[in-house]
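What follows is calculated from the coordinates using simple rules that are stated; it is not laboratory data. Because the structure is a prediction, the values reported are computed rather than measured. Every residue, glycine as well, gets a Cβ built from its backbone with ideal geometry; the counts of neighbours run over all protein chains shown.
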């Protein structure tokens, strides 16, 4: 009997070891970039096109300054390009953290404008930056000639978050919940704080931990937080938990997915750019905007959330349903979603029905011609691990930084020096969650990201005036 019990125990251990091995080799192969194998992308439009990269590691960066340096070096290889930067913050070494812009002029009146942006969610910008470098490699994009749309790259929309390996910005604001259409003060005052049950899940999402005891507890990080969550999941369910997180909240400045109470500097720069260049945006006959994100969805695959701008459906230049977009143009994407209503959306975007302040949604509302504004989301880890990382990072960040967020005063730190700040924090949780060190993931992101950009250019060209 004892030998039989030992046999059962051995079998259980073997099974658990196999399960854990499969899990960790899929999500955490820990292949830190040194040299990745060559990759090839084949696209079939009117004729087959083949693109290749010798080493995707050369496209990725491990910190913001490396990513910015690579991007600037890549655009300097071209002559017909307009470049400039928007300063967002200054670090303790007196170095600016900037949004970098590159404009490749095309035939805007005929073909419109295509925008590609990265880093709205900080740490997620390492994937977007790699895609942009892959696109800027010679002979990938048609960056010369006039038979194409104007192409605009926006690099590192949230440079502080990218430097700190966080999603939120220097004021703990989620920039993708900060683009409110209309008067933001009225919106914040009128929105029910618990509309998506954020406060119902608050003991899990933002537990009280003034002395940092919980975040330092291995027990809490490993088991305690889940024990804390179980009764809430039993009462509300997993979709309700996801909705409570992704909907954004505007009343807990130290919490996760905080949308802020005023427009943040990064988005002010982008909106000013929009207003000051009507030739590229407002007066352009069509606009395709791709904003890169990571986190939700199948590992390494891209789920597209499309916000359309069809002011006159009868004369729209673009396909008007997800099925048409995916079957005619976005052939390599895992899924395409336009509606977040239950039963009409992919699993990736379930729970987003109450989300407000999304940047792509904002520009889709203010644009008055035919346009599609795309959030390209690359899956990383299972959703419950993404949520865990966000909660633990916020707990550690608040303990480490001790930011004093003040409503309505620009969200300054305790030092009171709004010009120069210490941005030395590096999240140990969100780097793994939103930028997994996996050769397979890196290759898939580059290929799918490049494919969507090329397909968007094809869409703009074939639906020209």
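For residue 187 and residue 54, what is the calculated FRET efficiency with R₀ set at 56 Å and r taken between the beta-carbons, to the nearest 0.05? In this case the efficiency is close to 0.70. Measuring r between the beta carbons of residue 73 and residue 228 and using R0 = 56 Å, the FRET efficiency lands at 0.75. Summed over qualifying helices (DSSP H, 4 residues or more, each -39500 (n - 2.57)) and divided by its residue number, the chain shows a 222 nm mean residue ellipticity of -11000 deg cm²/dmol. Fewest neighbouring Cβ atoms within 10 Å first, the residues 334, 251 line up as 251, 334. Under the simplified labelling scheme, the residue 238-residue 399 pair shows an inter-label distance of 2.8 nm, with each label point 7 Å from Cα along Cα→Cβ. As a rough footprinting exposure proxy, the listed residues 33, 306 were ranked by other beta carbons within 10 Å of their own, and the order from fewest upward is 33, 306.
Please find the FRET efficiency linking residue 282 to residue 92, where r is the Cβ-Cβ separation and R0 is fixed at 41 Å, and quote it to the nearest 0.05.
0.55
Mean separation of Cα pairs under 8 Å and 6 or more residues apart, divided by the residue count, gives the chain a relative contact order of 22 percent. When the Cα centres of the range 285-314 and the range 205-273 are compared, how far apart do they sit, in Å? Taking the Cα centre of each part, the range 285-314 and the range 205-273 sit 25 Å apart. Computed from label points 7 Å out along Cα-Cβ, the spacing between residue 353 and residue 366 is 2.9 nm. Compute the Cα gyration tensor for the range 71-193, then decide on rounded, prolate or oblate, letting a ≥ b ≥ c be the square roots of its eigenvalues: rounded whenever a/c is under 1.5, prolate when a/b is larger than b/c in the other cases, and oblate in all that remain. Cα axes put the range 71-193 in the oblate bin.
With neighbour counts taken as other beta-carbon atoms within 10 Å, the residues 64, 234, 250 rank, fewest first, as 234, 250, 64. Between residue 218 and residue 8, residue separation times 0.36 nm minus the direct Cα-Cα distance comes to 72.6 nm. Our note on the geometry: Cα centres of the range 433-465 and the range 116-163, 11 Å apart. Shape class for the range 56-122, computed from the alpha carbon gyration tensor (a ≥ b ≥ c): prolate, with a/c not under 1.5 and a/b above b/c. Once the chain from residue 81 to residue 195 is taken as fully extended at 0.36 nm per residue, the excess over their C-alpha distance is 36.5 nm.
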